[in-house]
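Asks: Sharing a structure below in structure tokens format, with a few things to ask.
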Amino acid sequence: MTVGLALTVGLAVLIGLSLGLLGGGGSILAVPLLVYVADLPAKEAIATSLLVVGVTSAVGVLPHARAGRIRWRTGLLFGVAGMVGAYAGGRLAVFVPAAVLLTGFAVMMLATAAAMIRGRRANGGGPAPPELPVLRVLVDGVVVGLVTGLVGAGGGFLVVPVLALLGGLPMPVAVGTSLVVIAMKSFAGLAGYLSNTSIDWSLAAMVTAAAVAGSLAGARLAGRVPEVVLRRTFGWFVVVVGVFMVVQQVPGGSALRIAALAGALGAVALLLVGRRGGRAWIPGPVRRALGRAPRADG
């Protein structure tokens, strides 16, 4: 095993840890890992990440199901709608340049990182609501699935807030239900990619095995580390990786890359200011959208 391969497999444990602890973030880690460490082409990396995250999420469903933390009807409906969107996204990605996909992925990383750092609204400890409205679940499922299939991201860190906002699902239930959705959407997105993209199956198998091991470890640690600490720490880590990816996609000399770095950091700051008292700097529609974003205590 080469050094690069060993590093890829070792770091893949973080993919599973993220899914096990937070119910998302697998692809946000997997795509940069496969592109910049394993040196895979962008589209092959995205396709491989969908396989890794799909299998890892499916395994992660089991402990949540045993604990009764899954809304099966909501998860399956969201998952079916997400599969349609993810398959379409995977097919559309064939016509999009790799640089555009990676830039879109980096933007998604920065947006989700800002959402994680700001936090989500907690359920307040009340009883879990019943299954969520069918039409809204289907519409949101298609939209989230399209993003997932197109850029290989936006699984749990979009699904979990949507589930919490739709009907106030408590975080443990939203996380468990999200894993059902992520697994379904990931496999559908993978099917879309496989029509035009090949995968190194031996590498995928090793990365998947490491991610599954990390997921099982994450499930054991989930109750021991404060969620807000995990969420914010991981959020800042995602900011660093996302900014790095934005800068890497800018052609030309150092001046352009410095400008891209400043722009990316400014965008993150703007998203964070929207929840920290600086809303006067933000246009009305954006401010209202941020005002609807869920937030956790602490």
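None of the figures in this text is laboratory data; all of them are computed from the coordinates on show. The shown structure was predicted, so the numbers you read here are calculated from the model rather than taken from an experiment. Neighbour counts are summed over all protein chains in view; Cβ atoms, including those assigned to glycine, are modelled from backbone coordinates with ideal geometry.
Asks: When V207, V180, V100, V37 are ordered from fewest to most other Cβ atoms inside 10 Å of their Cβ, what list results?
Replies: Placing the least packed residue first, the sequence is V100, V37, V180, V207.
Asks: Return P(r) of segment 3-249 (all Cα-Cα pairs; 5 Å bins starting at 0; whole %; ordered from short to long distances).
Replies: P(r) for segment 3-249, in whole percents per bin: 1, 7, 16, 20, 22, 18, 10, 5, 1, 0.
Asks: Grab the other residues whose beta carbon is less than 14 angstrom from that of A191, score K and R as +1, D and E as -1, and report the net.
Replies: +2
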